[in-house]
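The values are calculated or read from the model by the stated rules, or taken from the named source; none is laboratory data. All values derive from a computational prediction rather than experimental measurement. When we count neighbours, we look across all protein chains shown, and the Cβ atoms used for this are built from the backbone with ideal geometry, even at glycine. Note: accessible area is taken over every heavy atom of the protein model, side chains too, but ligands, DNA and RNA are not part of it. Shrake-Rupley method; radii C 1.70, N 1.55, O 1.52, S 1.80 Å.
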Amino acid sequence: MPTRTLSAQTTAEAYLDLLRDRGIDYFLGNAGTDFAPLVEAFATLEADGRPAPRPLVVPHEFVAVSMAHGYYLGSGRPLAVMVHVTVGTGNASTALISASRANVPILMSAGRTPVTEEGLPGARDLHIHWAQESFDQAAMVREYAKWDYELRTPVQLESVVDRAVEMMLAEPQGPVYLTLPREVLASAPPPLTVSSPSRRQVASARLPDPARIDEAARLLARAESPLILVSAAGRDPRAVSALVELAEAGAIGVVEADPIYVNFPHDHPLHLGYNQSGATDAALGDADAILVVEDDVPWYPSIQKPRAGAPVIHLGIDPFFSRYPMRSYPCDVPIPATPAAALPLLAEAVRRHADGARAADRAARIAAEHRQRRAAWDAVATEQAAKATTGFAWVSRCLEGVLDDNTVVVNEYPLDRRYTSFNRPGTYFASPHSSGLGWGFGTALGVKLARPDATVVATLGDGAYFFSEPVSCHYVERAHQLPILTVIFNNQRWEAVKRSVLGLYPDGRAKATDRFPLSDLTPSPRFEEIVKAVDGHGECVERPGDVAPAIKRGLAAVREGRPALLNVLCQRAP
Ligand SMILES: Cc1ncc(C[n+]2csc(CCOP(=O)(O)OP(=O)(O)O)c2C)c(N)n1
């Protein structure tokens, strides 16, 4: 087996060399005094022309982790992020929750305050080295990291790095957390001979139980109104074509339930729409057999449930969502398996059991409903176009006009999939259901880092933009040449908060007085000015007719290499 000897003066040098060897392209850093050996190592490796991940400074930890999230979405490759001890970990933690719930692998690391008070190179020499120590630093994020460890000695370097990589890439994937004490990083390692390439491969499809596939196929094939609910299968682009194959095999309608990827082509005649934010859906009420694919919340039981007696099949890499403390959806047929591997098998079995004539009738019926639903959505968008003020549906529709095969949209809430059609996997990403606000902007920058030739558009609520550490994001756009178009759907409030009040107190005082304290964001900042601080293009847009031309100008600026931001003053329903 091939090996390499890492020639390194310090453990930090060996660590970086090894990360590159293990396929880590970038090292996103938000540094502190714990980074001294790494900064020195990067400088040395660069001067000597030796391999290392490319270091990028990111001025806020939340943005760095969000970028790593986006990079994985854009490329399928994990990045390394390193932050400053306890305090940096605190700032990163919300983004880590998002990555964890979305099963996105990230090699998250943090310095660890020097252990020794004197006597070793790297020992404590600042007041922070006492106050920043905690009894158990990893405890801050342990619930959301799949694995955590501390590098205690350079002798263990290969084992620890390979264990971290193995743990983050093993399904269900997720972030891992490694602490790196300064003395260890600064120490001179013994000669380290490592396997290269790594011998810790994990990629392997999980195949389903054939008996469960047959059982599920019979239920779906015999049903009058079978239905597929899907949210996150599109994380693996191969699962999208497999889902199309299954839907066509049994003439099964598909509803994307709070989708965070493109799971099924919008224009496919079996696409029945989007069950979002707990709205009721006739398709769910009618269904007499339901297949749930990679979907943690297929419906909201307090609002709508499937028919009593409709069998429910759950298919996914972990269809039990084992890390969720509570989740009680009925599951008559569990199929824990890789969707891209299991769906074609299910399609084949459904084809065997299906009654061709009945399936053809149903396909025609669903296609008619598909057309009907689309006509209703078109009517809403067209109606909004004619209003004096701008609506979310219209902004979404205007964005649809600029989408091409090379455009990727990262959406933190406002873009409405009913009005913007996505048909190809990997062209749309939305915030994970854990909803740590601010995710969208940094994630969009990570997608741009992964796909420098793509046009990347971030669609954000004004609330989401506030939370995104916007100045850090704009800095990254310019400093690392990652210009994107940011479109803020600015309704000048946290509407989600207002809606939850209306939902819980439909006849309450807040509604009667039209006063919703703690949800109003006026006076709204001139967000379009903020991007100008990094020489970007910014515009405020108010009227429906101005939206599409402004988007075109924004994209032209991005093509010239400048960040662009549109502050669109709009309402969900104008
Ligand atoms: C870190 C964090 N803090 C608070 C919340 C609660 N929260 C959920 S949605 C929302 C409002 C989002 O505002 P905006 O992006 O403008 O969208 P809108 O609700 O107006 O459609 C808030 C505050 C959250 N999800 N995450």
Open item on the list: Checking the structure you have, find out if any residue of the range 472-493 is in contact with a strand residue (DSSP E or B) (Cβ under 8 Å, 6 or more places away or on another chain), open to solvent by 30 Å² or more (accessible area, probe 1.4 Å), within 16 Å of the ligand (Cβ to nearest atom) and closer than 21 Å to Gly391 by Cα.
Closed with: yes
Open item on the list: Just to verify a result, which residue in the range 516-539, among those that are open to solvent by 40 Å² or more (accessible area, probe 1.4 Å) and in contact with a Lys or Arg (Cβ under 9 Å, 6 or more places away or on another chain), is nearest to the ligand (Cβ to nearest atom)?
Closed with: Asp520
- [ ] Among the residues of the range 417-427, count how many are within 17 Å of the chain's Cα centre (by Cα), within 16 Å of the ligand (Cβ to nearest atom) and open to solvent by 10 Å² or more (accessible area, probe 1.4 Å).
- [x] 0
TODO: May I ask you to list the residues in the range 19-28 that are more than 20 Å from the chain's Cα centre (by Cα) and on the phi < 0 side of the Ramachandran plot?
DONE: Leu19, Arg20, Asp21, Arg22
- [ ] Tally the residues that are out of contact with any Gly (no Cβ under 7 Å at 6 or more places or on another chain), within 19 Å of Val568 (Cα to Cα) and of a type outside the set (A, V, I, L, M), restricting the search to the range 367-397.
- [x] 10
TODO: Sort out which residues of the range 521-568 are under 19 Å from Ser468 (Cβ atoms), among the aliphatic types (A, V, I, L, M) and not in a helix (DSSP H, G or I), and write them in order of number.
DONE: Leu521, Ala564, Leu565, Leu566, Val568
Task: Any hit, the range 318-334, residues being in contact with a strand residue (DSSP E or B) (Cβ under 7 Å, 6 or more places away or on another chain), open to solvent by 60 Å² or more (accessible area, probe 1.4 Å) and in a loop (DSSP other than H, G, I, E, B) - done: yes
Open item on the list: Name the single residue that is modelled with the highest pLDDT among those in the range 399-414 being open to solvent by 10 Å² or more (accessible area, probe 1.4 Å), not aromatic (Phe, Trp, Tyr) and not in a helix (DSSP H, G or I).
Closed with: Asn406
- [ ] Read through the list (1) crowded, with 21+ Cβ neighbours inside 10 Å; (2) in a loop (DSSP other than H, G, I, E, B), then give the number of the only condition that Leu207 fails.
- [x] (1)
- [ ] Just give me the residues in the range 145-193 being over 21 Å from the mean Cα position of the chain (by Cα), among the hydroxyl-bearing types (Ser, Thr, Tyr) and open to solvent by less than 40 Å² (accessible area, probe 1.4 Å), in sequence order.
- [x] Thr179, Ser187
- [ ] Please tell me if Ala496 is open to solvent by 40 Å² or more (accessible area, probe 1.4 Å) and within 13 Å of the ligand (Cβ to nearest atom).
- [x] yes
- [ ] Please work out which one of (1) assigned to a loop (DSSP other than H, G, I, E, B); (2) within 15 Å of the ligand (Cβ to nearest atom); (3) buried (at least 20 other Cβ atoms within 10 Å of the Cβ) is the condition Ser396 fails and give its number.
- [x] (1)
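Residue-by-condition table, conditions (1) at negative phi; (2) buried (at least 20 other Cβ atoms within 10 Å of the Cβ); (3) among the polar types (S, T, N, Q):
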residue: Phe35; (1), (2), (3): yes, yes, no
residue: Glu40; (1), (2), (3): yes, no, no
residue: Ala43; (1), (2), (3): yes, no, no
residue: Pro55; (1), (2), (3): yes, yes, no
residue: Phe62; (1), (2), (3): yes, yes, no
residue: Ser75; (1), (2), (3): yes, no, yes
residue: Pro78; (1), (2), (3): yes, yes, no
residue: Asn91; (1), (2), (3): yes, no, yes
Task: Matching option when the condition is touching a helix residue (DSSP H, G or I) at 6+ places or on another chain (Cβ under 9 Å), of a type in the set (A, V, I, L, M), more than 27 Å from Trp377 (Cβ to Cβ) and not in a strand (DSSP E or B), among Leu502, Leu482 - done: Leu482
Open item on the list: For the range 368-385, check the following and say yes or no: at least one residue is in a loop (DSSP other than H, G, I, E, B), more than 16 Å from the ligand (Cβ to nearest atom) and within 22 Å of Ile488 (Cβ to Cβ).
Closed with: no
Open item on the list: Pairs needed: first member in the range 489-517, within 14 Å of Pro414 (Cα to Cα); second member anywhere, more than 13 Å from the ligand (Cβ to nearest atom) and part of a loop (DSSP other than H, G, I, E, B); C-beta distance under 9 Å; at least 6 residues apart or different chains.
Closed with: Gln492/Pro523
Task: Lone qualifier among Thr455, Thr459, Thr443 - being closer than 17 Å to Glu528 by Cβ and not basic (Lys, Arg) - done: Thr459
Task: Close pairs (6 angstrom Cβ cut-off, 6 or more residues apart or separate chains): within 12 Å of Thr11 (Cα to Cα) in the range 30-49, in a helix (DSSP H, G or I) anywhere - done: Pro37/Ala12; Pro37/Leu185; Pro37/Ala186; Leu38/Ala12; Ala41/Ala12; Ala41/Glu13; Ala41/Leu16
- [ ] List the strands (runs of 3 or more DSSP E) that sit entirely inside the range 11-84 and contain at least 1 residues that are of a type in the set (Phe, Trp, Tyr).
- [x] 26-29
Open item on the list: Can you tell me which condition Leu345 does not meet? The list is (1) closer than 16 Å to Val230 by Cβ; (2) in contact (Cβ under 8 Å) with a residue 40 or more places away in the chain, and all the others hold.
Closed with: (1)
Task: Scope the range 430-452; condition away from the ligand (no atom under 16 Å from the Cβ) and either open to solvent by 10 Å² or more (accessible area, probe 1.4 Å) or without any contact (Cβ under 8 Å) to a residue 24 or more places away in the chain (or both); matching residues - done: Lys448, Leu449, Ala450, Arg451, Pro452
Open item on the list: For the range 540-574, give me each residue that is surrounded by fewer than 17 Cβ atoms within 10 Å (Cβ to Cβ), charged (D, E, K, R) and away from the ligand (no atom under 16 Å from the Cβ).
Closed with: Glu542, Arg543, Asp546, Lys552, Arg553, Arg559, Glu560
Open item on the list: For the range 453-471, which positions are part of a strand (DSSP E or B) and either within 11 Å of the ligand (Cβ to nearest atom) or open to solvent by 10 Å² or more (accessible area, probe 1.4 Å) (or both)?
Closed with: Thr455, Thr459, Leu460, Gly461
